[in-house]
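Have a look at the structure below, then the notes.
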Amino acid sequence: MAHRKSRLGLVQERGYWEQLKKAEKNLLDEYGFTDLFKEFDVSYINVTEEIWSGRRTEPNKVKETVESRFSPVQIDKLYSMVPKKLYDLRGSTFISFAKLKYNASFTIKNIFGMIPDPIRSWWHGHNNSRIATSIVDINKIYHSLFNVYGICEALNATSFPHPEGKFEDIFKRKYEIRENLEVIAFGRHLVSLDAILLNLTDQYTKQVAETTRVPIDMAQEEFGAYNRGFLKESKLKIGDWLSP
């Protein structure tokens, strides 16, 4: 696993790991998660820290479990990236909780965050050439270990692309904020859930939606196809959520 060790060495050598942990603590404190976890006696697991500390599951166990349900992952190193604490909970409910936002990062893509590597460029690949494979592979792993459900919400506010938006991200893409959208979507079949969400927001996410659409289409081969009739039905019932 020279790939992982070299990244760990780079991050530790330059002091980035301490910075990342400090930033994570600040985020959890600021948004109230630290107090929430204490109130409900929740164990918080940082998957990167677990893997880099050597507390990982034997890769062959993960490989056997995944390949008993799905085709082999295309990126073998992912078999060695499951924390033992999570593997010991296999068979439990796993919720991919995503936030509806302008870059169309729904529940399938959200599990990409379970790859324990803060340096994400390799997993994206040149011009995002590897990201769809990375997303589907990590989904295979967690779908084989857990009962996966997806939730995507925009209860209070969400962002959406707008050519004359008041806000701008680090890539100079302009966007607006929509208040009180009061939307929450829940589903057992993440492919269907994300296909519907993408269909309802597509005209406002075209500049970034390809990195979401491709993994959805690829995921159908492993997790089952979505019903295209549902796309039309949901569009008729709900219309366009993110109208400028």
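Exactly which GluC sites (Glu not before Pro) in segment 99-186 are in a DSSP loop and have at most 15 other Cβ atoms within 10 Å? Please list the in-between numbers first.
On the way: sites: Glu153, Glu164, Glu168, Glu176, Glu179, Glu182; in loops: Glu164, Glu182.
Answer by residue number: Glu164, Glu182.
Dipole magnitude of the chain about its Cα centre, charges +1 at Lys/Arg Cβ and -1 at Asp/Glu Cβ only, in debye to the nearest 20?
Details: 35 positive and 32 negative charges, 108 e Å.
For the chain, the charge dipole is close to 520 debye.
Only one of the values (i) 48, 42, 34; (ii) 49, 42, 40; (iii) 81, 44, 34 was calculated from this structure for Cα extents along the principal axes in Å; name its label.
Computed from the coordinates, Cα extents along the principal axes in Å corresponds to (ii).
Long-range amide H contacts for Val183: which residues qualify at under 5 Å (H placed 1.01 Å from N, peptide plane, sequence gap of 5 or more or a different chain)?
Ala154, Leu155
Could you work out how far helix 210-223 tilts from the main Cα principal axis of the chain, as a 0 to 90 degree angle to the nearest 10?
Helix 210-223 sits at roughly 70 degrees to that axis.
Which pairs break 18 Å Cα to Cα here: Lys25/Lys140; Lys101/Lys140; Lys101/Lys174; Lys22/Lys109; Lys101/Lys166; Lys101/Lys172?
Working: Lys25/Lys140 29 Å; Lys101/Lys140 24 Å; Lys101/Lys174 13 Å; Lys22/Lys109 26 Å; Lys101/Lys166 16 Å; Lys101/Lys172 16 Å.
Where the Cα-Cα span goes over 18 Å, the pairs concerned are Lys25/Lys140; Lys101/Lys140; Lys22/Lys109.
How about segment 25-130: which chymotrypsin sites (Phe, Trp or Tyr not before Pro) there lie in a loop by DSSP and see at most 15 other Cβ atoms within 10 Å? All intermediate terms of the calculation are to be shown ahead of the outcome.
Values: sites: Tyr31, Phe33, Phe37, Phe40, Tyr44, Trp52, Phe70, Tyr79, Tyr87, Phe94, Phe97, Tyr102, Phe106, Phe112, Trp122, Trp123; in loops: Tyr31, Phe40, Tyr44, Phe70, Tyr102, Phe106.
Taking segment 25-130 and a limit of 15 other Cβ atoms within 10 Å, the loop chymotrypsin sites (Phe, Trp or Tyr not before Pro) found are Tyr31, Phe40, Tyr44.
Ignoring everything except DSSP H segments at least 4 long, calculate the 222 nm mean residue ellipticity for the chain; use -39,500 (n - 2.57) per segment, divide by total residues, nearest 500. Display every interim value, and only then the final one.
Values: 12 runs with 113 residues, N = 244.
When only DSSP H runs of four or more count, the value is -13500 deg cm²/dmol.
Where a number appears in this text, it was derived from the coordinates with a stated rule and is not lab data. Note that the structure is a prediction, hence the values are computed from the model and not measured. Note that we place each Cβ from the backbone using ideal geometry, even for glycine, and neighbour counts take in every protein chain shown.
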